[in-house]
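Notes for the one structure printed next.
The values are calculated or read from the model by the stated rules, or taken from the named source; none is laboratory data. Quick caveat, the model's predicted, so the values are computed rather than measured. Virtual Cβ from ideal backbone geometry, glycine too; neighbours counted across all protein chains shown. Areas reflect the complete protein model, heavy atoms only, side chains present, ligands, DNA and RNA absent. Shrake-Rupley method; radii C 1.70, N 1.55, O 1.52, S 1.80 Å.
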Amino acid sequence: MSQRVPTGIPELDDVIEGGLPRAGLFLVAGTPGSGKTAFSARFLYEGILKGDRGIYVSFAEGRDAFFSETARNGLDFAKADEDGMFLYMDLLTVKNEGIPAVTQSIVDAVLDFKASRLVIDSFSAMAQAVPQLIEARSILHTILGKVIRQAECTTLLISEVPMGTSRLGLGIEEFVADGVLKFSQKGIDGRIIRNLVIHKLRGTKIGRREHIFTLDGGFRMLSPFDSSQANNGRSHPVIKNTQSHSSTGIKSLDTILGGGLRRGSHILLEVGEDVSSPSLMSFLSPIITNTVKSGDQVICVPVNGMYPEELQESLRKSIPDGLASVQIFDITGKGGPNTVDLGGATVLQPFDMFWKTARKLRKPENRLLSIIGFDALEAKYAKDLPAMQGLIIETIAKVRNAGDIMISIARPFSNTLRELASASDVHLRLVQYDGVLCLLGIKPRTDYYGVSLPDKGANAQIELVQVS
(Lines give C-alpha, C1' and ligand atoms only; values in the text may rest on other atoms or scores of the structure.)
Protein backbone atom coordinates (compact mmCIF):
# COMPACT_ATOMS: atom_id res chain seq x y z
CA MET A 1 0.00 0.00 0.00
CA SER A 2 1.27 3.50 -0.86
CA GLN A 3 1.99 6.05 1.85
CA ARG A 4 -1.12 7.92 2.89
CA VAL A 5 -1.70 11.61 3.57
CA PRO A 6 -4.57 12.16 6.06
CA THR A 7 -7.16 14.64 4.81
CA GLY A 8 -8.06 15.92 8.27
CA ILE A 9 -11.53 14.39 7.89
CA PRO A 10 -11.41 11.18 9.98
CA GLU A 11 -14.68 9.84 8.57
CA LEU A 12 -13.25 10.13 5.05
CA ASP A 13 -9.83 8.73 5.91
CA ASP A 14 -11.55 5.69 7.42
CA VAL A 15 -12.98 4.69 4.03
CA ILE A 16 -9.92 5.44 1.85
CA GLU A 17 -7.28 3.41 3.67
CA GLY A 18 -6.11 6.25 5.89
CA GLY A 19 -5.91 9.17 3.45
CA LEU A 20 -4.93 10.23 -0.04
CA PRO A 21 -1.97 8.50 -1.72
CA ARG A 22 1.12 10.64 -1.14
CA ALA A 23 2.41 12.83 -4.01
CA GLY A 24 -0.78 12.40 -6.04
CA LEU A 25 -2.77 14.98 -7.98
CA PHE A 26 -6.42 15.04 -6.92
CA LEU A 27 -9.33 16.87 -8.49
CA VAL A 28 -11.73 18.57 -6.06
CA ALA A 29 -14.73 19.42 -8.23
CA GLY A 30 -18.08 20.99 -7.51
CA THR A 31 -20.48 23.84 -8.08
CA PRO A 32 -19.88 27.23 -6.42
CA GLY A 33 -20.51 27.12 -2.66
CA SER A 34 -20.49 23.32 -2.47
CA GLY A 35 -17.65 23.11 0.07
CA LYS A 36 -14.53 22.68 -2.08
CA THR A 37 -12.54 25.49 -0.45
CA ALA A 38 -13.52 24.47 3.10
CA PHE A 39 -12.41 20.89 2.44
CA SER A 40 -9.13 21.97 0.83
CA ALA A 41 -8.32 24.36 3.67
CA ARG A 42 -8.95 21.57 6.18
CA PHE A 43 -6.57 19.35 4.19
CA LEU A 44 -3.79 21.95 4.30
CA TYR A 45 -4.28 22.69 7.98
CA GLU A 46 -4.15 19.00 8.87
CA GLY A 47 -0.73 18.88 7.24
CA ILE A 48 0.48 21.92 9.16
CA LEU A 49 -0.55 20.28 12.43
CA LYS A 50 1.51 17.25 11.43
CA GLY A 51 4.56 19.31 10.42
CA ASP A 52 3.92 19.47 6.65
CA ARG A 53 4.42 22.82 4.94
CA GLY A 54 1.49 23.87 2.78
CA ILE A 55 0.81 26.31 -0.06
CA TYR A 56 -2.55 27.73 -1.09
CA VAL A 57 -2.61 29.21 -4.60
CA SER A 58 -5.60 31.42 -5.27
CA PHE A 59 -6.86 32.91 -8.52
CA ALA A 60 -10.16 34.00 -6.97
CA GLU A 61 -9.73 35.27 -3.40
CA GLY A 62 -7.39 37.64 -1.60
CA ARG A 63 -5.15 36.66 1.30
CA ASP A 64 -7.04 38.62 3.99
CA ALA A 65 -10.40 37.18 2.95
CA PHE A 66 -8.99 33.64 3.09
CA PHE A 67 -7.44 34.15 6.52
CA SER A 68 -10.64 35.68 7.88
CA GLU A 69 -12.98 33.00 6.53
CA THR A 70 -10.88 30.05 7.66
CA ALA A 71 -10.29 31.57 11.11
CA ARG A 72 -14.05 31.45 11.68
CA ASN A 73 -13.77 27.68 11.50
CA GLY A 74 -10.81 27.47 13.87
CA LEU A 75 -8.05 27.28 11.23
CA ASP A 76 -5.35 29.76 12.20
CA PHE A 77 -3.48 30.14 8.92
CA ALA A 78 -2.15 33.56 9.99
CA LYS A 79 -0.11 31.94 12.76
CA ALA A 80 0.96 29.13 10.45
CA ASP A 81 2.20 31.81 8.06
CA GLU A 82 4.16 33.52 10.86
CA ASP A 83 5.68 30.18 11.85
CA GLY A 84 6.92 29.54 8.31
CA MET A 85 4.61 26.55 7.77
CA PHE A 86 2.20 28.14 5.30
CA LEU A 87 2.46 30.22 2.14
CA TYR A 88 -0.46 32.00 0.49
CA MET A 89 0.05 32.84 -3.19
CA ASP A 90 -2.41 35.46 -4.42
CA LEU A 91 -2.27 35.15 -8.22
CA LEU A 92 -5.55 36.91 -8.90
CA THR A 93 -3.85 39.73 -10.83
CA VAL A 94 -1.10 37.77 -12.60
CA LYS A 95 -2.96 34.98 -14.37
CA ASN A 96 -3.07 37.02 -17.56
CA GLU A 97 0.74 36.99 -17.74
CA GLY A 98 0.50 33.59 -19.37
CA ILE A 99 -0.21 30.18 -18.01
CA PRO A 100 3.31 28.76 -18.50
CA ALA A 101 4.89 31.53 -16.41
CA VAL A 102 2.24 31.26 -13.70
CA THR A 103 2.59 27.48 -13.59
CA GLN A 104 6.36 27.75 -13.30
CA SER A 105 5.99 30.17 -10.38
CA ILE A 106 3.86 27.59 -8.57
CA VAL A 107 6.37 24.80 -9.20
CA ASP A 108 9.25 27.02 -8.05
CA ALA A 109 7.35 27.91 -4.87
CA VAL A 110 6.74 24.23 -4.07
CA LEU A 111 10.42 23.41 -4.49
CA ASP A 112 11.76 26.49 -2.65
CA PHE A 113 9.29 26.22 0.23
CA LYS A 114 9.70 22.45 0.43
CA ALA A 115 5.93 22.11 0.51
CA SER A 116 4.35 18.73 1.16
CA ARG A 117 0.80 19.86 0.40
CA LEU A 118 -0.53 22.19 -2.30
CA VAL A 119 -3.97 23.54 -3.18
CA ILE A 120 -4.67 25.36 -6.45
CA ASP A 121 -7.92 27.32 -6.42
CA SER A 122 -8.96 27.00 -9.09
CA PHE A 123 -7.67 25.37 -12.24
CA SER A 124 -10.80 26.61 -14.04
CA ALA A 125 -9.72 30.23 -13.41
CA MET A 126 -6.06 29.45 -14.08
CA ALA A 127 -6.82 27.86 -17.46
CA GLN A 128 -8.73 30.87 -18.76
CA ALA A 129 -5.46 32.14 -20.20
CA VAL A 130 -4.92 28.92 -22.17
CA PRO A 131 -6.06 29.21 -25.80
CA GLN A 132 -6.52 25.47 -26.34
CA LEU A 133 -7.56 22.58 -24.07
CA ILE A 134 -4.71 20.41 -25.30
CA GLU A 135 -2.25 22.94 -23.88
CA ALA A 136 -4.03 22.92 -20.53
CA ARG A 137 -3.87 19.12 -20.43
CA SER A 138 -0.17 19.22 -21.26
CA ILE A 139 0.45 21.63 -18.39
CA LEU A 140 -1.45 19.39 -16.01
CA HIS A 141 0.35 16.27 -17.13
CA THR A 142 3.93 17.41 -17.64
CA ILE A 143 4.36 20.28 -15.20
CA LEU A 144 1.90 19.97 -12.36
CA GLY A 145 1.69 16.19 -12.58
CA LYS A 146 5.30 15.13 -13.02
CA VAL A 147 7.23 17.95 -11.35
CA ILE A 148 5.09 18.20 -8.23
CA ARG A 149 4.94 14.41 -7.96
CA GLN A 150 8.73 14.30 -8.04
CA ALA A 151 8.73 16.85 -5.22
CA GLU A 152 6.41 14.46 -3.33
CA CYS A 153 3.86 17.23 -2.90
CA THR A 154 0.28 16.01 -2.55
CA THR A 155 -1.85 18.39 -4.61
CA LEU A 156 -5.53 19.31 -4.62
CA LEU A 157 -6.72 20.91 -7.82
CA ILE A 158 -10.01 22.74 -7.31
CA SER A 159 -12.23 22.85 -10.39
CA GLU A 160 -15.64 24.37 -10.94
CA VAL A 161 -18.53 22.26 -12.19
CA PRO A 162 -20.72 24.45 -14.43
CA MET A 163 -24.27 24.70 -13.06
CA GLY A 164 -26.67 22.33 -14.74
CA THR A 165 -23.98 20.09 -16.25
CA SER A 166 -22.29 16.85 -15.24
CA ARG A 167 -18.96 17.83 -16.78
CA LEU A 168 -16.14 18.28 -14.26
CA GLY A 169 -14.35 21.57 -14.88
CA LEU A 170 -12.88 21.74 -18.38
CA GLY A 171 -13.47 18.02 -18.90
CA ILE A 172 -9.77 17.13 -18.95
CA GLU A 173 -8.71 17.29 -15.30
CA GLU A 174 -10.35 14.02 -14.29
CA PHE A 175 -8.32 12.06 -16.86
CA VAL A 176 -5.01 13.36 -15.54
CA ALA A 177 -5.84 13.29 -11.83
CA ASP A 178 -5.09 10.34 -9.54
CA GLY A 179 -8.41 10.84 -7.83
CA VAL A 180 -11.66 12.75 -8.21
CA LEU A 181 -13.78 14.04 -5.32
CA LYS A 182 -17.03 15.67 -6.38
CA PHE A 183 -18.91 18.03 -4.07
CA SER A 184 -22.57 18.85 -4.67
CA GLN A 185 -25.75 20.17 -3.11
CA LYS A 186 -28.86 18.13 -3.78
CA GLY A 187 -32.40 19.22 -3.11
CA ILE A 188 -34.65 16.85 -1.12
CA ASP A 189 -38.11 17.89 0.05
CA GLY A 190 -37.28 21.48 -0.87
CA ARG A 191 -34.21 21.45 1.37
CA ILE A 192 -30.51 21.16 0.63
CA ILE A 193 -28.21 18.30 1.61
CA ARG A 194 -24.47 18.51 0.93
CA ASN A 195 -22.97 15.44 -0.66
CA LEU A 196 -19.42 14.22 -1.40
CA VAL A 197 -18.88 11.44 -3.95
CA ILE A 198 -15.53 9.68 -4.43
CA HIS A 199 -15.53 9.10 -8.18
CA LYS A 200 -12.10 7.49 -8.31
CA LEU A 201 -8.96 7.09 -6.23
CA ARG A 202 -6.11 5.15 -7.79
CA GLY A 203 -4.59 2.37 -5.76
CA THR A 204 -7.27 2.62 -3.10
CA LYS A 205 -10.03 0.31 -1.99
CA ILE A 206 -12.94 2.64 -1.33
CA GLY A 207 -15.15 1.62 1.57
CA ARG A 208 -18.10 3.87 0.75
CA ARG A 209 -18.38 6.32 -2.13
CA GLU A 210 -21.15 8.72 -1.10
CA HIS A 211 -21.05 10.83 2.05
CA ILE A 212 -23.15 13.58 3.62
CA PHE A 213 -21.23 16.51 5.09
CA THR A 214 -21.83 19.88 6.70
CA LEU A 215 -20.10 23.26 6.59
CA ASP A 216 -21.64 24.34 9.87
CA GLY A 217 -18.61 25.22 12.01
CA GLY A 218 -16.20 24.01 9.34
CA PHE A 219 -16.04 20.98 7.07
CA ARG A 220 -17.34 17.88 8.79
CA MET A 221 -18.46 14.57 7.31
CA LEU A 222 -21.17 12.51 8.99
CA SER A 223 -20.75 8.79 9.54
CA PRO A 224 -23.54 6.24 9.13
CA PHE A 225 -25.47 6.06 12.39
CA ASP A 226 -24.36 3.13 14.55
CA SER A 227 -27.35 2.26 16.71
CA SER A 228 -25.39 -0.39 18.62
CA GLN A 229 -22.88 2.24 19.69
CA ALA A 230 -25.64 4.72 20.55
CA ASN A 231 -27.44 2.20 22.75
CA ASN A 232 -24.34 0.76 24.37
CA GLY A 233 -24.89 1.72 28.00
CA ARG A 234 -24.65 5.48 27.57
CA SER A 235 -25.30 7.59 30.64
CA HIS A 236 -27.47 10.47 29.45
CA PRO A 237 -26.95 13.56 31.64
CA VAL A 238 -30.14 15.14 32.92
CA ILE A 239 -31.18 18.38 31.24
CA LYS A 240 -33.46 20.40 33.50
CA ASN A 241 -37.04 21.03 32.44
CA THR A 242 -38.60 24.48 32.44
CA GLN A 243 -42.02 25.56 33.63
CA SER A 244 -43.46 25.25 30.13
CA HIS A 245 -41.26 22.63 28.42
CA SER A 246 -39.80 19.19 29.10
CA SER A 247 -36.33 18.58 27.70
CA THR A 248 -35.79 15.94 25.00
CA GLY A 249 -32.43 15.07 26.53
CA ILE A 250 -30.81 16.35 23.32
CA LYS A 251 -29.68 19.96 23.68
CA SER A 252 -29.66 20.73 19.96
CA LEU A 253 -33.18 19.30 19.56
CA ASP A 254 -34.42 21.42 22.47
CA THR A 255 -33.05 24.47 20.66
CA ILE A 256 -34.77 23.53 17.40
CA LEU A 257 -38.09 23.04 19.22
CA GLY A 258 -37.84 26.34 21.06
CA GLY A 259 -37.03 24.90 24.48
CA GLY A 260 -38.01 21.24 24.22
CA LEU A 261 -41.37 19.44 24.29
CA ARG A 262 -44.06 21.93 25.22
CA ARG A 263 -46.40 20.62 27.90
CA GLY A 264 -49.89 19.96 26.60
CA SER A 265 -48.64 19.23 23.08
CA HIS A 266 -48.77 16.44 20.51
CA ILE A 267 -45.60 15.60 18.56
CA LEU A 268 -45.75 13.43 15.44
CA LEU A 269 -42.56 11.55 14.62
CA GLU A 270 -42.83 10.21 11.08
CA VAL A 271 -40.23 7.47 10.64
CA GLY A 272 -38.90 6.47 7.21
CA GLU A 273 -39.30 2.89 6.03
CA ASP A 274 -35.53 2.34 6.01
CA VAL A 275 -35.03 3.47 9.62
CA SER A 276 -34.61 0.39 11.81
CA SER A 277 -36.21 -0.06 15.23
CA PRO A 278 -32.79 0.10 16.98
CA SER A 279 -32.02 3.42 15.25
CA LEU A 280 -35.43 4.75 16.25
CA MET A 281 -34.83 3.69 19.85
CA SER A 282 -31.44 5.43 19.80
CA PHE A 283 -33.28 8.65 19.05
CA LEU A 284 -36.07 8.07 21.59
CA SER A 285 -33.84 6.82 24.40
CA PRO A 286 -32.56 10.28 25.52
CA ILE A 287 -36.15 11.57 25.55
CA ILE A 288 -37.40 8.71 27.73
CA THR A 289 -34.31 8.77 29.95
CA ASN A 290 -34.49 12.51 30.61
CA THR A 291 -38.20 12.25 31.39
CA VAL A 292 -37.69 9.44 33.94
CA LYS A 293 -34.65 11.07 35.56
CA SER A 294 -36.66 14.28 35.91
CA GLY A 295 -39.22 12.39 38.01
CA ASP A 296 -41.96 12.03 35.40
CA GLN A 297 -43.72 8.92 34.10
CA VAL A 298 -43.65 7.33 30.63
CA ILE A 299 -46.15 5.15 28.79
CA CYS A 300 -44.94 3.29 25.70
CA VAL A 301 -46.71 1.34 22.97
CA PRO A 302 -43.80 -0.20 20.98
CA VAL A 303 -43.71 0.29 17.22
CA ASN A 304 -44.67 -2.54 14.92
CA GLY A 305 -41.99 -5.23 14.89
CA MET A 306 -40.56 -4.40 18.32
CA TYR A 307 -41.40 -6.67 21.24
CA PRO A 308 -41.83 -5.15 24.73
CA GLU A 309 -38.79 -7.02 26.07
CA GLU A 310 -36.64 -5.44 23.33
CA LEU A 311 -37.76 -2.01 24.46
CA GLN A 312 -37.09 -2.90 28.09
CA GLU A 313 -33.61 -4.17 27.30
CA SER A 314 -32.78 -1.02 25.35
CA LEU A 315 -33.90 1.24 28.21
CA ARG A 316 -32.26 -0.90 30.89
CA LYS A 317 -28.86 0.20 29.59
CA SER A 318 -29.54 3.89 30.13
CA ILE A 319 -31.94 3.84 33.12
CA PRO A 320 -31.27 0.58 34.99
CA ASP A 321 -32.98 1.94 38.12
CA GLY A 322 -35.79 3.77 36.35
CA LEU A 323 -37.76 1.09 34.54
CA ALA A 324 -40.46 1.23 37.22
CA SER A 325 -41.36 4.67 35.84
CA VAL A 326 -41.87 3.30 32.31
CA GLN A 327 -45.12 1.47 31.65
CA ILE A 328 -44.86 -0.64 28.51
CA PHE A 329 -47.98 -1.96 26.80
CA ASP A 330 -47.88 -5.34 25.08
CA ILE A 331 -49.85 -5.36 21.87
CA THR A 332 -48.29 -8.56 20.53
CA GLY A 333 -50.24 -10.94 22.73
CA LYS A 334 -47.04 -12.54 24.04
CA GLY A 335 -47.70 -11.38 27.58
CA GLY A 336 -44.16 -10.26 28.37
CA PRO A 337 -42.99 -9.65 31.97
CA ASN A 338 -43.66 -6.25 33.55
CA THR A 339 -45.98 -5.19 30.75
CA VAL A 340 -49.69 -4.44 30.43
CA ASP A 341 -51.68 -6.45 27.89
CA LEU A 342 -53.19 -3.99 25.43
CA GLY A 343 -55.12 -6.60 23.53
CA GLY A 344 -58.85 -6.67 22.92
CA ALA A 345 -61.44 -7.54 20.33
CA THR A 346 -61.85 -3.97 19.13
CA VAL A 347 -59.67 -0.88 19.08
CA LEU A 348 -61.79 0.68 21.85
CA GLN A 349 -60.34 -1.62 24.48
CA PRO A 350 -56.66 -0.67 24.13
CA PHE A 351 -57.54 3.04 24.21
CA ASP A 352 -59.64 2.48 27.35
CA MET A 353 -56.75 0.59 28.97
CA PHE A 354 -54.38 3.37 27.97
CA TRP A 355 -56.46 6.00 29.80
CA LYS A 356 -57.00 3.87 32.88
CA THR A 357 -53.23 3.46 33.17
CA ALA A 358 -52.64 7.15 32.49
CA ARG A 359 -55.00 8.20 35.30
CA LYS A 360 -53.29 5.76 37.66
CA LEU A 361 -49.78 7.03 36.89
CA ARG A 362 -50.48 10.74 36.75
CA LYS A 363 -49.66 12.68 39.90
CA PRO A 364 -50.11 16.40 40.65
CA GLU A 365 -46.36 16.99 40.88
CA ASN A 366 -45.32 15.29 37.63
CA ARG A 367 -46.17 14.97 33.95
CA LEU A 368 -46.92 12.02 31.75
CA LEU A 369 -45.13 11.34 28.46
CA SER A 370 -46.90 8.93 26.12
CA ILE A 371 -45.07 7.40 23.14
CA ILE A 372 -47.44 5.46 20.88
CA GLY A 373 -46.49 3.37 17.87
CA PHE A 374 -49.61 3.83 15.75
CA ASP A 375 -48.22 1.52 13.07
CA ALA A 376 -48.53 -1.32 15.62
CA LEU A 377 -52.12 -0.38 16.46
CA GLU A 378 -52.96 -0.23 12.75
CA ALA A 379 -51.47 -3.65 12.13
CA LYS A 380 -53.54 -5.23 14.90
CA TYR A 381 -56.80 -3.36 14.35
CA ALA A 382 -56.84 -2.78 10.59
CA LYS A 383 -60.58 -3.45 10.38
CA ASP A 384 -61.27 -0.74 12.98
CA LEU A 385 -59.44 2.02 11.11
CA PRO A 386 -62.39 4.49 10.98
CA ALA A 387 -62.93 4.13 14.74
CA MET A 388 -59.20 4.53 15.38
CA GLN A 389 -59.08 7.79 13.44
CA GLY A 390 -61.78 9.22 15.68
CA LEU A 391 -60.05 7.97 18.83
CA ILE A 392 -56.81 9.66 17.77
CA ILE A 393 -58.43 13.11 17.81
CA GLU A 394 -60.10 12.38 21.15
CA THR A 395 -56.87 11.11 22.71
CA ILE A 396 -54.83 14.11 21.57
CA ALA A 397 -57.47 16.48 23.00
CA LYS A 398 -57.31 14.70 26.38
CA VAL A 399 -53.50 14.93 26.41
CA ARG A 400 -53.64 18.67 25.78
CA ASN A 401 -56.25 19.24 28.47
CA ALA A 402 -54.18 17.28 31.00
CA GLY A 403 -51.03 19.25 30.20
CA ASP A 404 -49.22 16.04 29.26
CA ILE A 405 -47.05 15.28 26.22
CA MET A 406 -47.78 12.71 23.52
CA ILE A 407 -45.37 11.50 20.84
CA SER A 408 -47.07 9.60 18.04
CA ILE A 409 -44.95 7.40 15.79
CA ALA A 410 -46.08 6.59 12.27
CA ARG A 411 -44.55 5.35 9.03
CA PRO A 412 -45.05 7.10 5.66
CA PHE A 413 -47.51 4.41 4.61
CA SER A 414 -49.57 4.64 7.84
CA ASN A 415 -53.30 5.10 7.27
CA THR A 416 -53.50 7.35 10.33
CA LEU A 417 -50.67 9.66 9.21
CA ARG A 418 -52.99 12.38 7.91
CA GLU A 419 -55.03 12.56 11.13
CA LEU A 420 -51.90 12.55 13.27
CA ALA A 421 -50.29 15.26 11.16
CA SER A 422 -53.31 17.56 11.14
CA ALA A 423 -53.63 17.28 14.93
CA SER A 424 -49.92 17.75 15.64
CA ASP A 425 -48.28 20.76 17.24
CA VAL A 426 -44.89 19.51 16.01
CA HIS A 427 -44.28 17.21 13.04
CA LEU A 428 -40.78 15.75 12.73
CA ARG A 429 -39.52 13.29 10.14
CA LEU A 430 -36.72 10.79 10.81
CA VAL A 431 -35.14 9.42 7.64
CA GLN A 432 -31.92 7.90 6.36
CA TYR A 433 -29.75 9.14 3.47
CA ASP A 434 -26.46 7.55 2.44
CA GLY A 435 -26.52 5.63 5.71
CA VAL A 436 -26.81 8.82 7.79
CA LEU A 437 -29.77 9.19 10.13
CA CYS A 438 -31.38 12.59 9.48
CA LEU A 439 -34.09 14.64 11.15
CA LEU A 440 -36.10 17.45 9.61
CA GLY A 441 -39.03 19.51 10.76
CA ILE A 442 -42.25 19.62 8.76
CA LYS A 443 -44.01 21.69 11.43
CA PRO A 444 -42.17 23.93 12.16
CA ARG A 445 -40.20 23.73 8.93
CA THR A 446 -36.49 23.17 9.47
CA ASP A 447 -33.41 22.22 7.49
CA TYR A 448 -31.98 18.69 7.57
CA TYR A 449 -30.02 17.71 10.66
CA GLY A 450 -27.74 14.69 10.85
CA VAL A 451 -28.18 12.59 13.99
CA SER A 452 -24.61 12.14 15.14
CA LEU A 453 -22.47 10.73 17.93
CA PRO A 454 -19.49 13.12 18.28
CA ASP A 455 -17.17 10.42 19.67
CA LYS A 456 -17.15 6.85 20.89
CA GLY A 457 -16.72 7.54 24.57
CA ALA A 458 -19.16 6.22 27.15
CA ASN A 459 -20.57 9.70 27.75
CA ALA A 460 -20.81 10.76 24.12
CA GLN A 461 -24.27 12.17 23.50
CA ILE A 462 -26.43 12.38 20.42
CA GLU A 463 -26.31 15.75 18.73
CA LEU A 464 -28.02 17.21 15.68
CA VAL A 465 -25.72 18.68 13.04
CA GLN A 466 -27.20 20.94 10.38
CA VAL A 467 -26.38 19.52 6.95
CA SER A 468 -28.39 21.89 4.71
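Summed over qualifying helices (DSSP H, 4 residues or more, each -39500 (n - 2.57)) and divided by its residue number, the chain shows a 222 nm mean residue ellipticity of -8500 deg cm²/dmol.
Protein heavy-atom surface of the chain, 1.4 angstrom probe: 50% of the accessible area is carbon and sulfur, with nucleic acids and ligands not counted. Positive-end ranking of M221, L92, L464 along the dipole of the chain, with charges on Cβ about the Cα centre, is headed by L464. As a length-normalised measure over Cα pairs under 8 Å and 6 or more apart, the relative contact order of segment 300-399 settles at 32 percent. Taking the average, over residues, of other Cβ atoms within 10 Å as the packing measure, peptides 369-379, 207-217 rank 369-379, 207-217 from highest down. Ignoring lysines fewer than eight residues from K114 along the same chain, the ones with Cα atoms less than 21 angstrom from its Cα are K50, K79, K146. Across the chain, the mean sequence separation of Cα contacts (distance under 8 Å, 6 or more residues apart), normalised by length, yields a relative contact order of 15 percent. Hydrophobic, long helices, defined as DSSP H runs whose alpha-carbon span along the helix axis is 24 Å or greater and whose mean Kyte-Doolittle value is at least 0.0, occur in the chain at 385-402. Estimated from the Cβ-Cβ distance and a Förster radius of 35 angstrom, the FRET efficiency linking E82 and Q185 is about 0.50. Would you kindly state how much longer the chain becomes between N415 and F175 on full extension, computed as 0.36 nm times their sequence separation minus their alpha carbon distance, in nm to one decimal? 81.2 nm is the gain from fully extending N415 to F175. Accessible surface area normalised per residue over the chain is 42 Å², counting heavy atoms of protein chains with a 1.4 Å rolling probe.
The amide H of H427, built 1.01 Å from its N in the peptide plane, has L268, I442, K443 as neighbours under 5 Å, considering only residues 5 or more places off or on other chains. Solvent exposure of V197, expressed as accessible area, is near 30 Å², computed with a probe of 1.4 Å over the protein chains only. If R0 is 41 Å, the Cβ-Cβ spacing of K443 and L111 corresponds to a FRET efficiency of close to 0.10.
Of all lysines in the structure, those lying under 27 Å Cα to Cα from K443, and not within fewer than 8 positions of it along the same chain, are K186, K240, K251, K398. Taking the Cα centre of the chain as origin, sum charge times position over the Cβ atoms of Lys and Arg (+1) and Asp and Glu (-1), and report the length of that vector in debye to the nearest 20. Computed charge dipole of the chain: roughly 820 debye.
For the chain, what D do you get in µm² per second when you plug the Kirkwood radius from alpha-carbon pairs into Stokes-Einstein at 25 °C and 0.890 mPa s?
Working: Rh = 25.0 Å.
In µm²/s, the coefficient is 98.
Under 20 Å of direct C-alpha separation, and excluding same-chain neighbours fewer than eight residues apart, K380 reaches these lysines: K334.
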